[in-house]
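Nothing in this text is a laboratory measurement; each read-out follows from the coordinates by a stated rule. Keep in mind that what you see is a predicted model, and the values were worked out from it rather than measured. Here the Cβ positions follow ideal geometry from the backbone for every residue, glycine too, while neighbour counts run over all protein chains shown.
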Amino acid sequence: MSGLHPLTLVCFPHAGGGLGRYRSWRDDLPDGVRILLPDLPGREGRLFDTPFPDVAAVSTYTLRSLAAELASSERVAFAGLSYGALVAYDAAARLEASGKRVEAVFAASQRAPATPLPPNNWRSMADAELLTELAGIGGLSPDLDAEEEFLELFLPTIRAELHASESYLRPASHARLRCPVFLYHGTEDAAIPVSSTLAWSDETDRLASRSLPTAHFLTGPDGEDLWWDVLRRDLAACTRGPALDSATPA
């Protein structure tokens, strides 16, 4: 660690997603890294709570609810996949605006914050159509439309957070990030065209872009976590400190 303080990595899930993926990372963390998982409504222990209506509400809530942990952490970074990538970006921008240093943002499978995509109108889409769309990007098994319990419990959160992701645009008040951004994108991603990721370079002077031979959720054919395989190496560089100051596109 070369005398550096431990790094706290705050992780955000994809729309409607749980936190199991991030918990599994704890078994293989680089030295000096700990994972912090915000308790968000609409999932796990807060399954029946109404999800937040927009990305800004999630990041603002996270910074407030984790204020004590973040204040006591000398080094903080944010990670997120899909919807969670926008929350990670927004939280980092707000934390930097408050005067605290952010070490890095690890953003996966998401367009640049200032690059809108054609709207899918997730909020008004019929359940069957929504499930078909999600299955098409590898988010669901195509036969889940028969699972009434799934629809009742999880689909409202998925729908709300997909709408929040779709409608988010970088606020004019957000300054350019001072921290590096590590961007991860699947070459087979059917939801996020690579052209929509290019403007991430507008958000930081230090962008490192990683292409993975997989689809939106960055997993392999046997379920292996390809994102973690690459992110772990970037995270290890972060614990070394100076290596992060020279992040360059891969």
Point to revise | In Hz, Karplus ³J(HN,Hα) per residue of region 43-52 (6.51, -1.76, 1.60; θ = phi - 60°; x = Gly, Pro) | key: 7, 6, x, 10, 4, 9, 7, 5, x, 5
Study note, to complete from the structure: Nearest 10, in degrees from 0 to 90: the angle of helix 226-240 to the longest Cα principal axis of the chain is 20
Point to revise | Residue with peak Gaussian network fluctuation, the chain [Cα springs, cutoff 10 Å], from 175, 92, 164 | key: 175
Review point. For the chain, what does -39500 (n - 2.57) per DSSP helix run (n ≥ 4), summed and divided by total residues, give at 222 nm, in deg cm²/dmol to the nearest 500?
Key: -10500 deg cm²/dmol
Check your understanding: Which translational diffusion coefficient, to the nearest whole µm²/s, is obtained for the chain from the Stokes-Einstein equation, given a Kirkwood hydrodynamic radius over C-alpha pairs, 4 °C and 1.567 mPa s?
Key -> 71
Practice item. Starting from the amide H of residue 14, placed 1.01 Å from N in the peptide plane, find each other amide H under 5 Å away whose residue is 5 or more places distant or on another chain. Key: 81, 84
**Study point:** For residue 36, distant residues with modelled amide H under 5 Å away
**Key:** 9, 10, 11
Point to revise | Two-site FRET efficiency, residue 126 against residue 26, from Cβ-Cβ distance with R₀ of 51 Å, rounded to 0.05 | key: 0.85
Revision key, fill the gap. For region 54-99 the trypsin sites (Lys or Arg not before Pro) that pass both the DSSP coil test and the at-most-10 other-Cβ-within-10 Å test are none
Review point. From the phi of every residue in region 5-18, what ³J(HN,Hα) in whole Hz does the Karplus formula 6.51 cos²θ - 1.76 cosθ + 1.60 yield, where θ is phi - 60° and glycine or proline is x?
Key: 6, x, 9, 9, 10, 8, 10, 10, x, 6, 4, x, x, x
Study note, to complete from the structure: Shape descriptor, region 150-201: equivalent ellipsoid semi-axes (Cα gyration tensor, sqrt 5λ, whole Å, largest first) stand at 26, 17, 10
Check your understanding: To the nearest 20 debye, what charge dipole does the chain have about its Cα centre, counting +1 at the Cβ of each Lys and Arg and -1 at the Cβ of each Asp and Glu?
Key -> 1280
